[in-house]
């Protein structure tokens, strides 16, 4: 259970029932942290409420400017703060959680000519860029060495300077930009946007706190993964880029004779071993063992055995070549059961997941591209891409391949 204070909350070491009590700092950043009828709410607050309830820790949140939040954590006046990008400077005095949010940063400029594509500004160009004072975007711009950089106190001021032509580009989280633009009733057609980068944001705990409570960070990270941060929807142009680039490469992987032959041999061996297949009771038990081992960072006996077969060996070799920017790849059969993987997956049975519907597709070039999500097992933001694997001679669908595309690598803007 959390309390909220505008400023000046006193640090507490224990709650009313004797349990230790967390004091956290944040700043308003709609839609992640915002005020509604005097109450602090937003997607990040809901996520933290869920996670802290699971690990039974009471906490309080105080609002202050972001730089003050950082300083209070560094000086031991607060247990932690959020939201922050990962930074070697902050790593020196605090420990980061898994990402709470994946922001999509865009370069915003005044619209000039709808037929002209506005280029992404580079550090060595003579352009004026702007960001909100003390923001994650401002810190990143400073690190990149942009020459003409303007700090402003708020998003309202930033959008005003764009409209007046005082700055050429503003770096803003897209959701925050759209919220501010709509609140100010500004015409969307008066702005141009160019994708800049994805940026994961975390909570930082002071070293003093994590030394005193060494198990909390591990427990919280597990709870955050179970509560689930919201998926980030891929846009049409991003899907097109994945289709034209990454899917083409993935299809080369699954059409390789080495994989097809290993897969056919493995399926024949499974047919000899299990006949008409395993019972759902047996599958459920193997899946339970698999999940329990995965949660403890280990592999079940079945998972360890699958990791060593020829299908897995091919996927592991493909991962090492890095022809596709994937963090994981696995193959499952028509029952939804894993039969090969580049690294241990979190579960064995895929038959209840959306990707299993790929077997209902009749087109040989069928593909599923899922929204972006944070995967704690790989510690990366992934978009799962699933395709059928067919026998090139008979055209029969043998199995399906899912690749966890590393979005931060695959979709970053190239210089």
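Each reported figure results from applying straightforward, stated rules to the coordinates on display, with no laboratory input. Keep in mind that what you see is a predicted model, and the values were worked out from it rather than measured. As a convention, Cβ positions derive from the backbone with ideal geometry for all residues, glycine included, and neighbour counts pool all protein chains shown.
Using DSSP, restrict attention to beta bridges with both residues in the stretch 103-199 and report what percent are antiparallel, rounded to the nearest 5. Write out the running numbers ahead of the final one.
Working: 12 of 19 bridges.
Expressed as a percentage, antiparallel bridges in the stretch 103-199 total about 65.
From zero up to wherever the largest Cα-Cα distance of the stretch 207-298 sits, split into 5 Å bins and tell me the percent of pairs in each.
Values per bin, smallest distances first: 3, 9, 8, 9, 11, 13, 17, 15, 9, 4, 3, 1.
Multiplying the sequence separation of residue 142 and residue 208 by 0.36 nm and subtracting their Cα-Cα distance, what value in nm do you get? Working shown, then result.
Values: separation 66, 0.36 × 66 = 23.76 nm, distance 2.86 nm.
Residue separation times 0.36 nm, minus the Cα-Cα distance, leaves 20.9 nm.
Which of 56, 375, 310 moves the most in a Gaussian network model of the chain with Cα springs under 10 Å?
Checking each option, the largest mean-square fluctuation is seen for 56.
Under a plain spin-label model, where a point goes 7 Å from the Cα along Cα-to-Cβ, how far apart in nm are residue 184 and residue 111?
1.6
Between helix 43-55 and the chain, what is the angle of the helix's C-alpha long axis to the longest principal axis, kept within 0 to 90° and rounded to the nearest 10?
So the helix axis and the longest Cα principal axis differ by about 70 degrees.
Rounded to the nearest 0.05, what FRET efficiency do residue 310 and residue 279 give with R0 = 22 Å and r taken as the Cβ-Cβ distance? Could you check?
Using R0 = 22 Å, I get an efficiency of 0.25.
Report the label-to-label distance for residue 365 and residue 298 in nanometres (one decimal), using points 7 Å from each Cα along the Cα→Cβ vector.
Reported label-point gap for residue 365 and residue 298 is 4.7 nm.
For the stretch 236-410, what class follows from the C-alpha gyration tensor (a ≥ b ≥ c being the square roots of its eigenvalues): rounded when a/c is under 1.5, otherwise prolate if a/b is larger than b/c, else oblate? Before the final figure, lay out the partial values.
Working: a/c = 1.57, a/b = 1.19, b/c = 1.32.
Verdict is oblate for the stretch 236-410.
Among 343, 109, 87, determine the one that fluctuates most according to a GNM of the chain built with springs between C-alpha atoms less than 10 Å apart.
Comparing 343, 109, 87 in a Gaussian network model of the chain, the most mobile one is 87.
Let me know the Rg and Dmax you get for the stretch 128-248 when you use only its Cα atoms, in Å.
For the stretch 128-248, the Cα radius of gyration and maximum Cα-Cα distance read 18.6, 52 Å.
Computed FRET efficiency, Cβ-Cβ of residue 256 and residue 193, R0 30 Å: what is it to the nearest 0.05? Please list the in-between numbers first.
Details: r = 39 Å, r/R0 = 1.30.
Step by step, r from the Cβ atoms, then E = 0.15.
Once the piece of chain linking residue 86 and residue 36 is laid out straight, how much longer is it, given 0.36 nm per residue of separation minus the C-alpha distance between them?
Values: separation 50, 0.36 × 50 = 18.00 nm, distance 2.86 nm.
Extra length from residue 86 to residue 36 when fully extended: 15.1 nm.
Based on the Cβ-Cβ distance of residue 156 and residue 288, what FRET efficiency does E = 1/(1 + (r/R0)^6) give at R0 = 56 Å, to the nearest 0.05? Present the calculation step by step, with values, prior to reporting the outcome.
On the way: r = 53 Å, r/R0 = 0.94.
According to the calculation, E is roughly 0.60.
Hey, in the GNM for the chain with a 10 angstrom Cα cutoff, which one of 176, 279, 300 fluctuates hardest?
279
Residue 124 to residue 269: extension gain in nm, 0.36 nm per residue of separation minus the Cα-Cα distance?
Working: separation 145, 0.36 × 145 = 52.20 nm, distance 6.00 nm.
That pair, residue 124 and residue 269, stretches by 46.2 nm at full extension.
What is the antiparallel percent of DSSP beta bridges lying wholly in the chain, to the nearest 5? Write down the numbers at each step before the final one.
Values: 51 of 70 bridges.
In the chain, approximately 75 percent of DSSP beta bridges are antiparallel ones.
Just the ratio, please: alpha-carbon radius of gyration of the stretch 38-180 over 2.2 N^0.38 Å, N its number of residues. Show your work: numbers first, answer last.
On the way: Rg = 17.5 Å, N = 143, 2.2 N^0.38 = 14.5 Å.
This ratio for the stretch 38-180 stands at 1.20.
Could you list 126, 278, 341, 90 in order of exposure, starting from the residue whose Cβ has the fewest other Cβ atoms within 10 Å? Can you show the working numbers first?
Details: 126 8, 278 16, 341 22, 90 19.
By the 10 Å Cβ count, ascending: 126, 278, 90, 341.
If you consider only alpha-carbon coordinates, what radius of gyration and Dmax does the chain have, in Å?
Rg then Dmax for the chain, in Å: 24.3, 74.
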